[in-house]
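The values are calculated or read from the model by the stated rules, or taken from the named source; none is laboratory data. Just so it is clear, the model here is predicted, and its values are computed rather than measured. Neighbour counts run over all protein chains shown; Cβ positions are idealised from the backbone, glycine included. These area figures cover heavy atoms from the full protein model, side chains too; ligands, DNA and RNA do not enter into them. Shrake-Rupley method; radii C 1.70, N 1.55, O 1.52, S 1.80 Å.
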Amino acid sequence: DVKVTQSSRYLVKRTGEKVFLECVQDMDHENMFWYRQDPGLGLRLIYFSYDVKMKEKGDIPEGYSVSREKKERFSLILESASTNQTSMYLCASSLSGTGGRQPQHFGDGTRLSIL
Amino acid sequence: GDSVTQMEGPVTLSEEAFLTINCTYTATGYPSLFWYVQYPGEGLQLLLKATKADDKGSNKGFEATYRKETTSFHLEKGSVQVSDSAVYFCALSDQTGGGNKLTFGTGTQLKVEL
């Protein structure tokens, strides 16, 4: 079974702090993704990565950055946390392949509160 | 760009009732289509998928058929259980490149009561 592990289930930080969210997958997947989930808005893609050291902006990258130094690990960084970044953050991974047929596998999420 | 539209929730049903959650999409080309389920306090789990027109995905009694002519992928189950209470997301996969990006609907909450 694919395992995607997010480092924290709940996190509370203060405005202006630099925040790191970590994600590790154990299935040698090429692709990794970070989403945020907000009521009424569904899941929105922040950043994704096709390979080590590769990153692409998603739909809402502002205020975020990412790092992928190893294939199994994909980190989301909030450079200077703000209250509007309070949300549920979900990490996912998938195999590569044409046609978009490969499903994504999700972690359990990190509920981040910025005070 | 690509988009997915789901019926608004919450949907409240009695146990053993028939379930339909509507999903329609807009996309260029021929995307793959997915249903994911999110139980309280958890991440998303793949429920079923279909990769080409007229394909039927099925799992745990749930079914959905990829209808290209109506650009739809409605989720159905003949007899729901209390344990099916969750949020259901319809999604399509971008076919460009190998990135398998997903576009999600906003989710439909299902509540099943005894």
With every protein chain left in place, what is the accessible area of A:VAL52 in Å² (1.4 Å probe, nearest 10)?
-> 50 Å²
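Interface A/B, total buried accessible area with a 1.4 Å probe, nearest 100 Å²? Please report the intermediate quantities before stating the final value.
Numbers: alone 6560 and 6230 Å², together 10870 Å².
Approximately 1900 Å², summed over both chains.
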When each of A:LYS57/B:LYS60; A:LYS13/B:LYS101; A:LYS18/A:LYS55 is checked by Cα-Cα distance, pairs over 26 Å | A:LYS57/B:LYS60; A:LYS13/B:LYS101
What one gets for chain B as the Kirkwood radius, inverse of mean 1/r over different Cα pairs in Å, is 14.2 Å
What size of dipole, in debye to the nearest 20, comes out for the protein assembly as shown about its Cα centre when the only charges are +1 on Lys and Arg C-beta atoms and -1 on Asp and Glu C-beta atoms?
-> 500 debye
To the nearest 20 debye, what charge dipole does the range A:30-115 have about its Cα centre, counting +1 at the Cβ of each Lys and Arg and -1 at the Cβ of each Asp and Glu?
-> 140 debye
Would you tell me the mean number of C-beta atoms belonging to other protein chains that fall within 10 Å of each C-beta in B:100-113, as a whole number?
-> 5
Run down the aspartates and glutamates and flag those whose C-alpha is under 13 Å from the C-alpha of B:LYS77, throwing out any fewer than 8 positions away in its chain.
-> B:GLU15, B:GLU16, B:GLU63
Loop-exposed trypsin sites (Lys or Arg not before Pro) per DSSP, neighbour cap 16 Cβ within 10 angstrom, longest uninterrupted part of chain B = B:1-51
What percentage of the solvent-accessible surface of chain A, computed with a 1.4 Å probe over protein heavy atoms, is contributed by carbon and sulfur atoms?
-> 48 percent
Filter the GluC sites (Glu not before Pro) in the range A:1-68 to those in DSSP coil with at most 10 other Cβ atoms within 10 Å of their Cβ, and list the result.
-> A:GLU62
Determine the shielding of peptide B:32-40 by partner chains: average, over its residues, the number of Cβ atoms on other chains within 10 angstrom of each Cβ.
-> 2
Jot down the per residue volume, in cubic angstrom and as a whole number, of the convex hull over the alpha-carbon atoms of the range A:24-87.
-> 87 Å³
Which is farthest toward the positive dipole end of chain B among B:LEU19, B:GLY105, B:MET7, measuring Cα position about the Cα centre, with Cβ charges +1 (Lys, Arg) and -1 (Asp, Glu)?
-> B:GLY105
Cα-based Rg / Dmax (Å) for chain A = 13.4, 42
3J(HN,Hα) from dihedral phi, the range B:101-114, Karplus parametrisation 6.51/-1.76/1.60, rounded to Hz, x for glycine, proline | 5, 10, 10, 9, x, 7, x, 10, 7, 10, 10, 10, 10, 5
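What's the magnitude of the charge dipole for chain B around its Cα centre, counting Lys and Arg as +1 and Asp and Glu as -1 at the beta-carbon? Answer in Debye, nearest 20.
Taking the Cα centre of chain B as origin, the dipole is about 300 debye.
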Partners for A:LYS53 among aspartates and glutamates (Cα-Cα distance below 20 Å; same-chain residues under 8 apart left out) = A:GLU22, A:ASP26, A:ASP28, A:GLU30, A:GLU62, A:GLU69, A:GLU72, A:GLU79
Radius of gyration, Dmax [the protein assembly as shown; alpha carbons; angstrom] = 17.5, 51
